[in-house]
1. Does residue 81 satisfy being crowded, with 20+ Cβ neighbours inside 10 Å and within 11 Å of the chain's Cα centre (by Cα)?
2. Suppose we filter 62, 34 for residues that are out of contact with any helix residue (DSSP H, G or I) (no Cβ under 8 Å at 6 or more places or on another chain) and among the charged types (D, E, K, R); which single one remains?
3. Tell me which residues, restricted to the range 106-131, are over 20 Å from residue 23 (Cβ atoms) and open to solvent by less than 20 Å² (accessible area, probe 1.4 Å).
4. Can you tell me which residue among 100, 62, 23 is out of contact with any Gly (no Cβ under 9 Å at 6 or more places or on another chain), open to solvent by 70 Å² or more (accessible area, probe 1.4 Å) and at pLDDT below 95?
5. Of the residues 106, 73, only one is over 28 Å from residue 12 (Cα atoms) and within 15 Å of the chain's Cα centre (by Cα); which?
6. Would you pick out the residues in the range 26-59 that are open to solvent by less than 50 Å² (accessible area, probe 1.4 Å) and among the aromatic types (Phe, Trp, Tyr)?
7. Let me spell it out: the conditions are (1) surrounded by fewer than 20 Cβ atoms within 10 Å (Cβ to Cβ); (2) within 24 Å of residue 17 (Cα to Cα), and residue 87 meets all of them except one. Which number is the exception?
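The values are calculated or read from the model by the stated rules, or taken from the named source; none is laboratory data. Everything numeric in this text was worked out from a predicted model, so none of it was measured. Note that we place each Cβ from the backbone using ideal geometry, even for glycine, and neighbour counts take in every protein chain shown. The protein model used for the area step is the full one, side chains on, heavy atoms only, and it has no ligands, DNA or RNA in it. Shrake-Rupley method; radii C 1.70, N 1.55, O 1.52, S 1.80 Å.
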Amino acid sequence: MDFEAAILDRGAGYALLDVLQDETTQNAALPAVEKLAPGFTDWIVTALFGGTYQRAGLTLRERQIANLAALTALGGVDPQLIGHVKTSERVGMSREEIVEVFVHLAPYVGVPKALAGLRAAATAFDAGTAR
């Protein structure tokens, strides 16, 4: 798919969001953002889940590995990282695989950021993720 042919599908975006995130996770972020910046959540869901995620080439599992790596490298985004750990389990990644992503990242992003990723995973696991 080339970018010119890319179509944003709002309905597909919201349907995929329901697959990837449980209601509790969605309600933890989306209503507050919507109240602060009306319309921004709809843009995020439509562009990201109804656009980027609809592209061929990567599975949901592979996209989650990329998300975990990017958020860990970025740092300072623990709420999003915890949410993506939960989503990783929802798309079939085992806890061992999720932990291994963070361990693998240590030489690339630094031990402190890898440790922050592991703390986010522990928080998500303790919260009783999709298992």
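1. Details: crowded, with 20+ Cβ neighbours inside 10 Å: yes; within 11 Å of the chain's Cα centre (by Cα): yes.
So residue 81 fits the description; yes.
2. Details: 34 fails: out of contact with any helix residue (DSSP H, G or I) (no Cβ under 8 Å at 6 or more places or on another chain).
Criteria check complete, one pass: 62.
3. Just the residues of the range 106-131 that are over 20 Å from residue 23 (Cβ atoms), to begin with: 106-122.
Listed by number, the residues that qualify are 114, 117, 120, 121.
4. Numbers: 100 fails: at pLDDT below 95; 62 fails: at pLDDT below 95.
Residue meeting the stated conditions: 23.
5. Numbers: 106 fails: within 15 Å of the chain's Cα centre (by Cα).
Just one listed residue meets the conditions, 73.
6. 49, 53
7. (1)
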